[in-house]
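Peer 1: This is the structure I want to talk about, given as structure tokens.
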Amino acid sequence: MRLEALVDEAEARVVLELAQARATIAQQALEGRAKDARLALLQADQESMTSLLVHDLRAPLASMRANLDWVKDELPKDFDAEVLEALAEARQVTDRLAGMIGDLLNISRLEGGLMPLARDAQPCAAMVEAVHRQLLAPAHDRRVTVECEVEDVVLEADHGLLMRALENLAGSALRYTPSGGRLRLEAKRVGPELVFAVRHDGSPISAEVRASLFEKYVQAGSTQDHRRAGWGLGLYFCKLCVDAHGGRLDVVDVEGWATSFEVRLPFNRVEEGER
């Protein structure tokens, strides 16, 4: 009888423990669902606030750009050169801000997986040459030489996203290229990959900075470089764009260049073609 009592007691204890475990699991599942619901609500609120912020910023910025264009058109061509230069610089800054505002909205969509890619055949040479043309005027003002070497291949990609990524990389490189320096844009096939490269001879990026370079709100410059190039979202946005295309973005060491950014995309999405 003593043995039977012990067995019954052990069975009762096991049943009780199983019931307690089921109750704990059920409670944890309930708390997990509640947490997921709160996170979903917070994400929705964040996306809503981002959209409102972008909308509120775009309107006054558009007015500012229009007024700058009007002032430029009204001034005589032989007006004070320093004033015209300051006006042109202000206009460039508004263009940069417009791009950054668009990036802010796209970052929110890319992070949430809410931005499907509009893939289409894109001539790589035309894309890089377009970025090259955008750099010529600001590079001339800073006495920076901009080189361009491209192969004529066609990539199936989202034109808007990939162009913004290339523009961000090139614009960042120009800001960190010293006066009288060199900057180079490349697009070529390397084995099974298509490689877009932006290289410059400014200050190299240290190993410790590289480790977090593509994270959110991280600046590209060193701690000794006090120039503020933006909100620290440019390279993060570039990485999101490249990741969305199934590629990767890296800082690599290339002989003859202090800093080299390379975008590598799988070549199975690329076809040889003519412009």
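The values are calculated or read from the model by the stated rules, or taken from the named source; none is laboratory data. Quick caveat, the model's predicted, so the values are computed rather than measured. Glycine also receives a Cβ, built like all others from the backbone with ideal geometry; neighbour counts cover every protein chain displayed.
Peer 1: Any residue at all in segment 211-233 that is under 15 Å from the mean Cα position of the chain (by Cα), outside the structural domain of ASP95 (by TED's automatic domain parsing) and modelled with pLDDT of 90 or more?
Peer 2: no
Peer 1: Sticking with this one: Of everything in segment 95-128 that's among the hydrophobic types (A, V, I, L, M, F, W, C) and within 15 Å of GLU186 (Cα to Cα), which residue is modelled with the highest pLDDT?
Peer 2: VAL128
Peer 1: For segment 181-204, give me each residue that is at pLDDT below 95 and touching a Ser or Thr at 6+ places or on another chain (Cβ under 9 Å).
Peer 2: The answer is ASP201, GLY202, SER203, PRO204.
Peer 1: Continuing with this model, one more query. Based on what the data block shows, is VAL128 surrounded by 14 or more Cβ atoms within 10 Å (Cβ to Cβ) and of a type in the set (Val, Ile, Thr)? Before you say what the answer is, go through the steps one by one.
Peer 2: Values: surrounded by 14 or more Cβ atoms within 10 Å (Cβ to Cβ): yes; of a type in the set (Val, Ile, Thr): yes.
Here the answer is yes, as VAL128 does meet what is asked.
Peer 1: Just one of (1) of a type outside the set (Lys, Arg); (2) within 30 Å of CYS148 (Cα to Cα); (3) not assigned by TED's automatic domain parsing to the domain that holds LEU233 trips up SER108, so point out which.
Peer 2: Evaluating SER108 over (1) of a type outside the set (Lys, Arg); (2) within 30 Å of CYS148 (Cα to Cα); (3) not assigned by TED's automatic domain parsing to the domain that holds LEU233 leaves (2) as the failure.
Peer 1: Tell me which residues, restricted to segment 134-149, are assigned to a helix (DSSP H, G or I) and surrounded by fewer than 16 Cβ atoms within 10 Å (Cβ to Cβ).
Peer 2: In the first step, residues of segment 134-149 are kept if they are assigned to a helix (DSSP H, G or I); the result is 134-141.
Correct list: LEU136, ALA137, HIS140, ASP141.
Peer 1: Is it the case that VAL131 is outside any helix (DSSP H, G or I) and at pLDDT 90 or above?
Peer 2: For VAL131, the condition - outside any helix (DSSP H, G or I) and at pLDDT 90 or above - is not met.
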